[in-house]
1. In degrees from 0 to 90, rounded to the nearest 10, what is the angle of the helix 288-315 Cα long axis to the longest principal axis of the chain?
2. Ranking request for peptides 508-520, 80-92, 121-133: highest mean number of other beta-carbon atoms within 10 Å first, then the rest in descending order.
3. Each residue of the range 93-109 in turn: what ³J(HN,Hα) in whole Hz from Karplus with 6.51, -1.76, 1.60 and θ = phi - 60°, glycine and Pro shown as x?
4. Out of residues 5 or more away from Ser104 or on other chains, whose amide H comes under 5 Å of its own, with H placed 1.01 Å from N in the peptide plane?
5. What is the P(r) of the range 87-315, as percent of Cα-Cα pairs per 5 Å bin from 0?
6. Using the Karplus curve 6.51 cos²θ - 1.76 cosθ + 1.60 with θ = phi - 60°, work out ³J(HN,Hα) for each residue of the range 173-181 in order, rounded to whole Hz, and write x for Gly and Pro.
7. How are the alpha carbon pair distances in the range 335-561 distributed across 10 Å bins from zero to the largest one, expressed in percent?
8. Please give the Cα centre distance for the range 478-530 versus the range 233-290, rounded to the nearest Å.
Amino acid sequence: MRVYKNLAWFFKAYYKHYIVGVLMLLLVALLQLVPPQVIGRTIDYITTDSLTVNILIGLVVLLIVVALLMYVFRYFWRLLIFGTANRLGMELRSQLFKKYASMSPAFYQKHRTGDLMAHATNDINAVNMVAGAGILTIADSLISGGAVLITMALTVDAKLTLIAMIPLPFMVLLTSYYGSILHRLFRVAQAAFSSLNDKTQESIAGIKVTKTFGYEKEDLDDFTELSTDVVQKNLSVAKVDALFNPTITAIIGISYFLSIFFGARMVISDEITIGQLVTFTTYLGMMVWPLLALGMFFNILQRGNASYDRIINILNTEDTIKVTHEIDRIPDGDIEFNIDTFCFDDSETITLKDVHFTVQQGETVGIVGQTGSGKSSLIRLLLREFDPNKLNEVTYGGEPLSRYNVQTLRQKFGIVPQENFLFSTTIKDNIAFANPDLSIDKIIEAAKNSYIHHDIERFQYGYDTVVGQRGVSLSGGQKQRISIARALIMDPDVLILDDSLSAVDAETEKNILNNLETLRKGKTNIITAHRMSAVMEADKIIVMSKGTVVEMGTHDELMNNKGWYYETFMAQSLIQTLEHDLEVMTDGGEDHE
């Protein structure tokens with residue numbers, strides 16, 4: 001019953017609905033007691049040859065009235081109990097989604113997408129059953145079963161009732177035992193479903209990569225293996241689940257045997273009439289549902305317990321980024337990195353070491369380095385996706401980032417991340433994501449500044465083109481430029497381009513950077529890149545290697561140093577020159593023909 005205690009907050013809010021619903025169940029249970037009495041009386045009237053037309057009509061009318069009343073009451077208890085249970089599903093989904101939306105990226109590194117989806121679907125459905133079918137089964141089994149037992153004892157014979165109930169304690173013991181096994185197996189089955197859900201989501205999202213590498217068969221084999229595992233684990237649950245009804249049916253069968261055996265002897269000895277024995281056996285038949293409902297209740301309860309535990313584990317997960325309201329004002333000023341050593345959570349590998357530099361307000365800073373050198377780690381710390389330890393600080397306007405309200409802090413930034421995410425909606429809506437009320441003129445202006453406007457015009461539906469999931473219908477360069485337009489339209493105080501020009505050609509990159517130089521004059525810009533051409537006009541260039549700063553200065557200063565920056569710049573320039581010469585030669589050959 002632990003799940004009901006945990007859901008007390010919900011039942012307290014909607015107790016009136018449940019009280020009225022249970023009262024309706026009680027009325028239905030009481031009305032169900034009438035037909036067996038009518039049947040028994042009718043049989044006794046027939047055996048005593050005292051049944052008249054008027055009595056028969058009266059009994060038929062009574063049955064019709066009872067049937068109509070039961071119809072009305074059953075409609076309302078379903079509406080009240082099941083309708084209210086659906087509210088619980090809505091509440092829990094809202095809580096989960098709010099939790100998902102508030103968590104930092106570290107949370108999503110530990111929890112798989114498929115598992116989180118399973119919590120919001122299967123687990124919530126199982127808990128929903130507790131508030132709906134669970135309330136119905138326990139209330140109906142106690143009310144209907146209790147009413148039938150009392151009526152059997154009072155209107156037929158108490159001794160015969162006790163004899164018929166002898167097998168019931170065995171049923172309680174067995175169903176309780178089944179329930180404990182079911183709880184354990186259902187948790188395992190739900191975990192397996194989460195893995196399958198995650199695999200499905202991953203396979204669909206990565207279908208292009210799978211097809212490119214010809215990995216369809218292996219991917220299907222992996223899916224089949226996981227699917228088989230889910231089936232096997234759910235079969236284990238089903239095997240235990242299947243024991244409930246036969247056990248209850250067997251117990252009822254034994255009760256029937258005892259009732260008829262001893263009831264017949266009581267009829268012979270004139271302790272009860274034949275009509276009373278028929279009424280008693282009819283009531284005993286009515287005990288089947290309450291007992292089945294009791295078995296179903298234990299089943300629903302154990303499933304609900306397992307699922308609610310999984311949901312609560314997520315809801316109780318604390319974010320690694322502590323929400324603070326020490327400073328609610330929007331930050332302003334210089335950004336300073338003072339990091340001695342930094343490791344990500346649950347990692348002993350040093351990610352950043354001896355990183356000390358300042359991004360002055362209104363300055364454009366470029367950060368370059370090989371893959372894995374720590375460029376993106378700096379950006380993630382700046383956005384407070386992770387918090388450094390006490391020995392390290394990233395300050396904004398002289399105050400540590402940890403003192404700012406994280407939501408207020410992020411209002412300062414506009415970021416174009418490495419992994420460009422576009423929503424499955426129109427290009428117009430993707431660009432205006434931060435402010436959906438912006439005019440189309442503003443959207444077009446941002447698109448022009450990111451050099452995507454002409455590409456959009458060539459699409460059949462222009463800015464109303466739906467890009468598909470994650471922008472599947474667009475090229476990498478087009479997605480990057482739409483993401484840049486989305487950031488530019490915000491006109492943020494600090495613009496961050498995290499290797500956001502890697503998929504565009506050199507000419508387009510140059511045009512975008514020229515536009516940024518004009519548009520972003522006097523505002524802070526941070527550009528991380530692999531191509532030196534993307535940062536050569538920056539006021540300051542930071543060169544990272546193995547998590548530390550190895551060079552710092554302007555383009556001219558770094559070229560004079562003859563270090564890694566110089567070597568990489570010269571190598572990239574040579575490659576670009578060779579590509580240009582090859583293109584000219586190709587074009588020349590085509591013209592000659």
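1. Helix 288-315 sits roughly 20 degrees off the main axis of the chain.
2. Details: 508-520: 16.4, 80-92: 18.1, 121-133: 21.4.
Descending packing order for the listed peptides: 121-133, 80-92, 508-520.
3. Values, residue by residue: 5, 5, 5, 5, 5, 4, 5, 4, 5, 8, 7, 7, x, 4, 4, 7, 7 Hz.
4. Thr320, Ile321
5. Distribution as computed: 1, 6, 11, 13, 12, 11, 10, 8, 7, 6, 5, 4, 3, 2, 1, 1, 0, 0 percent.
6. With the stated coefficients, the range 173-181 comes to 5, 5, 5, 5, 5, 4, x, 5, 5 Hz.
7. Taking all Cα pairs of the range 335-561, the binned fractions are 8, 32, 34, 20, 5, 0 percent.
8. Comparing the Cα centres of the range 478-530 and the range 233-290, I get a distance of 77 Å.
Only the coordinates and a few stated rules stand behind these numbers; no lab work does. None of these values were measured; they are calculated from a predicted model. Using ideal geometry, Cβ is built from the backbone for each residue, glycine included, and neighbour counts are taken over all protein chains shown.
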